[in-house]
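The values are calculated or read from the model by the stated rules, or taken from the named source; none is laboratory data. Just so it is clear, the structure is predicted and the values come from calculations on it, not from any experiment. Just so you know, the surface numbers come from the protein's heavy atoms only, side chains and all, with ligands and any DNA or RNA stripped out. Shrake-Rupley method; radii C 1.70, N 1.55, O 1.52, S 1.80 Å.
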Amino acid sequence: MQLGVVLTGTGIFGAAGIGVLEALEERRIAPYAVCGMETGAWVAALHAVGRNAAQMREAAEQVRKLRGQLLRPQTSGRALLKGKRLSLLSDKTLEHLLIAQTGGRILALCPQRVIFPFRSSQMELVLASQVQAAHGMAITTMQATASFAARAAMALPPLLSPVEWIGSPLMPERDVARAADLLLNVGAHRVLVVRAVSSARHVPDALELTAFSQRRDSSLGQGAAELRLTMPDELCALSLEQIEQGIDRGKKMAERELDRIFEQMGMASCRILPFRRDG
């Protein structure tokens, strides 16, 4: 069977997807296709250009070291929640980092199958690499860079301002069921939705509250299942200095839950293709 993976997550919660991909890598399972949403799009972009789990951890370490330049210290959580037009992240610093980590590679030239879904006032758009199948009414293009796709998918006010595509502001798709359907449409037989969430005891920060208010959830269809990763109580979406802790949590929970999820999806006795090959 061919496994599709939807990577989601707000702020550093999205880094938990690196831990999940690492757990799959250790099982010698390479996803057939990956969909990047929210900060999970950053992980998806790294995957698109061929980065392995160890290289993704190095990219996360770069984020940790640059946290002082990425976050805007003058922006308060109270100001964000009042709707003032302030961005939590420095657009230019993030753009430069994404280009450096992905090499500014055009999606059409990326070695891995990855999709990034968006909506605008005029259309539904899918930025894709190596994806030729129809997406219903969506317009599909491979003529964007992996760094642009990741940056656009993270444009959740107040995290970042939206970017434009052919004159229309792009809003990232928030419906994971739609993302799962897209992966099934391009050939995945089953879809694993990775969702990192805060614990019930956790006090959410401004970014988490804003993201929660904008998320659109619908029931996953047949062939898809959710791997829910509960983050430690002390971890906030903006805790960039603890990004490695988020990765480790994602890996630990994936190691514990993947067998159950695969059985739930009817994959327990199936070979999951493609396998990773050494050398």
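Evaluate the Kirkwood expression for the hydrodynamic radius of the stretch 1-49, namely the inverse of the mean inverse distance over all pairs of different C-alpha atoms, and round to one decimal in Å.
Across the stretch 1-49, the inverse of the average 1/r is 10.6 Å.
In the full protein assembly as shown, how much of Asp248 is accessible to a 1.4 Å probe, in Å² to the nearest 10?
For Asp248, solvent-accessible area is about 70 Å².
Along the stretch 191-196, what does the Karplus equation 6.51 cos²θ - 1.76 cosθ + 1.60 (θ = phi - 60°) give for ³J(HN,Hα), rounded to whole Hz, x for Gly and Pro?
10, 9, 9, 9, 10, 8
At 1.4 Å probe size, put Arg195, Arg105 in order of accessible surface, largest to smallest.
Working: Arg195 15, Arg105 90 Å².
My answer, sorted largest first, is Arg105, Arg195.
To the nearest Å, what is the center-to-center distance of the stretch 163-192 and the stretch 241-267, using C-alpha atoms only?
22 Å
Please list the non-local residues whose amide H lies under 5 Å from the amide H of Thr145, H modeled 1.01 Å from N, same-chain partners needing a gap of 5 or more.
The answer is Leu107.
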